[in-house]
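Notes follow the structure.
The values are calculated or read from the model by the stated rules, or taken from the named source; none is laboratory data. None of the values given here were measured: they were computed from a predicted structure. Note that we place each Cβ from the backbone using ideal geometry, even for glycine, and neighbour counts take in every protein chain shown. Protein only, heavy atoms only, side chains kept; ligands, DNA and RNA dropped before computing areas. Shrake-Rupley method; radii C 1.70, N 1.55, O 1.52, S 1.80 Å.
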Amino acid sequence: MKMKKYEAIKSFEENDEDLEMVTIKQQPQQHQQQPQSSQRLLSLDVFRGLTVALMILVDDAGGLIPALNHSPWNGLTIADFVMPFFLFIVGVALAFTYKKPSCKVDATRKAILRALKLLALGIFLQGGYVHRVNDLSFGVDLKQIRWMGILQRIAVAYLVTALCEIWLKREDIVNSGSTLLRKYRYQWALALFLSVIYLFLLYGMYVPDWEYEVPTEPSSEPMIFSVKCGVRGNTGPACNVVGMIDRSLLGIQHLYRRPIYARMPECSINSPDYGPLPPDAPTWCQAPFDPEGLLSSVMAIVTCLIGLHYGHIILHFKDHRIRIIYWMIPTSCLVVSGLALDLFGMHVNKVLYTLSYTCLTAGAAGILFVGIYLMVDVCGYSRMTTVLQWIGMHALMIYVLAACNIFPIFLQGFYWGHPRNNILKLVGVGS
């Protein structure tokens, strides 16, 4: 379960080495002649650390508390906010990383290299090479390796957003909200273009009937299931364009084999958890489906571009009040747009990464970021967030060790007599 979720972190932790020390405008003091101090934007570290902590909580307790688990299809739970929060943070950090590259070609090469590293790490962690807890074997059949995943999605969003920040901005002077939009208008045009392409494909492409195989006993023939579609604009689990594109381009054998919709009432007698199939379960219940597919990753890029805009506001405006105003305007618009789209039938869906989901989660990220900024950077309540700051500054290490089972599997590798007699069992964790 942990290997499926949130391999999310950290192209943006690497950005910390480039993250500029952001000048926080100080409130008037008695000694106004002293120069303003440059401080790290602690709120971004706290936001990242809080998201990592939320990820671990969801990963460990999601199976016990339905509100902490992913929604089986339409709808929104706490777990469904984690991925967009990471993408939002990546965008904010990229505004600093590529603020004024000395050489655009070198900056492009650096962005590509980072994205490739993240992509390779994602394939290693989520492709199937590292097995689950209590399984000390390793290795993956390249005929069935999973190509997409959370880190892979982060890599794509990181690369596209970084290239936008390097190449798609003008040299205009920013002194108001309108000049800010003019300076980065090509980036907003790209976000709009990606959204239109996504909607055109999601609601316009034809989805034909399809079939898949379910392995049985090694000596038996696999079971073949046929799924009837022949529709356009369907956003259900069986006949959506997102799944069709992944099956066509990636191959169904390379998709995630434990789809989230297997927890729906139609597919599980233990819904909203996984469980045995009901007697009248539809044929698509056991079909592979990748929650981090190709088309849905297009809207993930849009989330990252929204975060980039919030980073631009930090760069160009030093007054707390102005920053918060310019943050809350798009935040309010995103939340209202997301709720309105869901009300009129474009449902909030994390797996498809619908436009309503993009707007609502990006708006939620903006609200949380503004709240943390007020508490930590404006009011100075940073001491109580020290732990979250540390987590945020070491997110990749914590993610790999804790959320990807690397540390538990490492501990289980030391045992006596039998693999089940390991250190984790000694301390009451192992089974």
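Which condition from (1) of a type outside the set (Phe, Trp, Tyr); (2) touching a residue at least 24 places away in the same chain (Cβ under 8 Å); (3) surrounded by fewer than 20 Cβ atoms within 10 Å (Cβ to Cβ) is the one that residue 67 breaks?
(2)
Somewhere in the range 163-183, is a residue over 20 Å from the mean Cα position of the chain (by Cα), assigned to a strand (DSSP E or B), among the charged types (D, E, K, R) and more than 26 Å from residue 356 (Cβ to Cβ)?
No, the range 163-183 contains no residue that is over 20 Å from the mean Cα position of the chain (by Cα), assigned to a strand (DSSP E or B), among the charged types (D, E, K, R) and more than 26 Å from residue 356 (Cβ to Cβ).
Restricted to the range 263-301, and to residues that are aliphatic (A, V, I, L, M) and in contact (Cβ under 8 Å) with a residue 60 or more places away in the chain, which residue is surrounded by the fewest Cβ atoms within 10 Å (Cβ to Cβ)? Don't jump to the end; show me each part of the working.
Applying the first criterion (aliphatic (A, V, I, L, M)) to the range 263-301 yields 264, 269, 277, 281, 287, 294-295, 298-301.
If we keep only those that are in contact (Cβ under 8 Å) with a residue 60 or more places away in the chain as well, we get 264, 287, 294-295, 298-301.
Values: 264: 19, 287: 24, 294: 17, 295: 21, 298: 21, 299: 26, 300: 24, 301: 26.
So, considering only residues that are aliphatic (A, V, I, L, M) and in contact (Cβ under 8 Å) with a residue 60 or more places away in the chain, the one surrounded by the fewest Cβ atoms within 10 Å (Cβ to Cβ) is 294.
From the list 88, 81, which residue is open to solvent by 10 Å² or more (accessible area, probe 1.4 Å), assigned to a helix (DSSP H, G or I), under 28 Å from residue 355 (Cα atoms) and touching a Ser or Thr at 6+ places or on another chain (Cβ under 7 Å)?
Numbers: 88 fails: open to solvent by 10 Å² or more (accessible area, probe 1.4 Å).
The unique qualifying residue is 81.
Could you tell me which residue of the range 55-64 is farthest from residue 90 (Cα to Cα), considering only residues that are open to solvent by 40 Å² or more (accessible area, probe 1.4 Å) and of a type in the set (A, V, I, L, M, F, W, C)?
Checking each candidate, the answer is 64.
I'd like the residue in the range 213-245 that is modelled with pLDDT under 90 and of a type in the set (Ser, Thr, Tyr) and, out of all such residues, is surrounded by the most Cβ atoms within 10 Å (Cβ to Cβ).
The selected residue is 216.
With the requirement that a residue be open to solvent by less than 50 Å² (accessible area, probe 1.4 Å), more than 25 Å from the chain's Cα centre (by Cα) and of a type in the set (A, V, I, L, M, F, W, C), what does the range 184-212 give you?
Those that are open to solvent by less than 50 Å² (accessible area, probe 1.4 Å), more than 25 Å from the chain's Cα centre (by Cα) and of a type in the set (A, V, I, L, M, F, W, C): 207, 210.
Among 357, 399, which is the only one that is in a helix (DSSP H, G or I), within 30 Å of residue 237 (Cβ to Cβ) and at pLDDT below 80?
Numbers: 357 fails: at pLDDT below 80.
It is 399.
Give me the residue from the range 141-162 that is assigned to a loop (DSSP other than H, G, I, E, B) and of a type in the set (Lys, Arg) and, out of that set, nearest to residue 105 (Cα to Cα). Working first, answer last.
From the range 141-162, those assigned to a loop (DSSP other than H, G, I, E, B) are 141-149; that's our starting set.
Applying the additional criterion that residues be of a type in the set (Lys, Arg) yields 143, 146.
Details: 143: 36, 146: 32 Å.
Per the criteria, the residue is 146.
Filter the range 184-239 down to the residues that are of a type in the set (S, T, N, Q) and touching a residue at least 60 places away in the same chain (Cβ under 8 Å), then identify the one that is nearest to residue 315 (Cα to Cα).
Per the stated criteria, the residue is 187.
So which residues in the range 325-336 are out of contact with any helix residue (DSSP H, G or I) (no Cβ under 6 Å at 6 or more places or on another chain) and either open to solvent by less than 20 Å² (accessible area, probe 1.4 Å) or among the hydrophobic types (A, V, I, L, M, F, W, C) (or both)?
Scanning the range 325-336 gives 325, 328, 329, 333, 336.
May I ask you to say which residue of 368, 339, 360, 352 is touching a residue at least 12 places away in the same chain (Cβ under 8 Å), under 17 Å from residue 79 (Cβ atoms) and surrounded by fewer than 22 Cβ atoms within 10 Å (Cβ to Cβ)? First the steps, then the outcome.
Details: 339 fails: under 17 Å from residue 79 (Cβ atoms); 360 fails: surrounded by fewer than 22 Cβ atoms within 10 Å (Cβ to Cβ); 352 fails: surrounded by fewer than 22 Cβ atoms within 10 Å (Cβ to Cβ).
After ruling out the rest, the residue left standing is 368.
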